[in-house]
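Have a look at the structure below before the remarks.
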Amino acid sequence: MERDSLKDLLYSLARFGLFWAITIFGVIIGRTAVLGVVGTLIPRLRLYDNEELLSLLSCIIPAIMLIALFADDAKRHTAYRDYRPLFVTIVMLATGIIYYIPAIVAGYLKEELAIEAITQLYFTSYWLSFVSEQLEVYALLGTIFWVALCILTYVIARRIYLHKFENGEYAYEVDEF
């Protein structure tokens, strides 16, 4: 029982850390690589003037990384007969709630530099600002998008893996000690 609890705690902390790292990486890549490369090669997009489009393009890289991460999780959990979508959903909901807290705090801050730093944290969700320009609203929509993407990827990847397993493309991995 203790080993399962420790394993679950480590999984939760790892997914929490990876989620934050991937979304921050998306902000950095979006502000540097996407703006520099795509903005220079395709000037017609006007990325220097269009923050929403830049945000949408910056959202693609973390989305791909999160899809790969949770698809791999589903495949491994299914292969080791440890598939627990409820646990992954709870972990991602908790991660999403913690990820959203700075957006709420930003409304109470007075220092402009701190508010700007928090706003940049949600840059990959800024493309959702067409709903509302308020940080709390598009950060909430972005958080829901990221959490739903992770959970749906996990569930769909398992179905794909099981379909391939039933067709004989994969076999369960069993430890024989």
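The values are calculated or read from the model by the stated rules, or taken from the named source; none is laboratory data. Here the structure is a predicted model, which means the values were calculated and not measured. No Cβ is skipped: glycine too gets one built from the backbone with ideal geometry, and neighbour counts run over all protein chains shown. These area figures cover heavy atoms from the full protein model, side chains too; ligands, DNA and RNA do not enter into them. Shrake-Rupley method; radii C 1.70, N 1.55, O 1.52, S 1.80 Å.
With θ set to phi - 60°, apply the Karplus curve 6.51 cos²θ - 1.76 cosθ + 1.60 along segment 80-93 and write out the HN-Hα couplings as whole Hz, x wherever there is a Gly or Pro.
Residue by residue, segment 80-93 yields 9, 6, 10, 6, 9, x, 5, 4, 5, 5, 5, 4, 6, 5 Hz.
What value, in deg cm²/dmol to 500, does the helix sum -39500 (n - 2.57) over DSSP H runs of n ≥ 4 give at 222 nm once divided by the residues of the chain?
For the chain, the value works out to -24000 deg cm²/dmol.
Would you mind telling me the share, in percent, of accessible area of segment 1-143 contributed by carbon and sulfur at probe 1.4 angstrom?
The nonpolar share, carbon plus sulfur, comes to 70 percent.
Modelling each spin label as a point 7 Å along the Cα-to-Cβ direction, I'd like the GLU52/TYR108 distance in nm, to one decimal.
3.2 nm
Which order do you get for LYS75, LYS7 if you rank them by accessible area with a 1.4 Å probe, largest at the top? Before the final figure, lay out the partial values.
Numbers: LYS75 80, LYS7 100 Å².
Largest accessible area first, the residues go LYS7, LYS75.
What angle, in degrees between 0 and 90 and rounded to the nearest 10, separates the Cα long axis of helix 112-121 from the longest principal axis of the Cα atoms of the chain?
That helix lies at roughly 40 degrees to the long axis.
Which stretch or stretches of segment 65-88 have amide N atoms under 11 Å from the point lying 7 Å from ALA94's Cα along the Cα→Cβ direction?
It comes to 87-88, nothing else.
For segment 1-120, what is the accessible area per residue in Å² when the probe is 1.4 Å?
Accessible area per residue, segment 1-120: 61 Å².
Tell me, what is the FRET efficiency for ARG31 and VAL131 to the nearest 0.05, using R0 = 30 angstrom and their Cβ-Cβ distance as r?
After rounding to 0.05, the efficiency reads 0.85.
Please give the FRET efficiency for LEU162 paired with LEU9, using the beta carbon to beta carbon distance and R0 = 25 Å, rounded to the nearest 0.05.
0.35
Which of the lysines could a cross-linker span from LYS75 if the Cα-Cα distance has to be under 24 Å and same-chain partners fewer than 8 positions apart are dropped?
LYS7, LYS164
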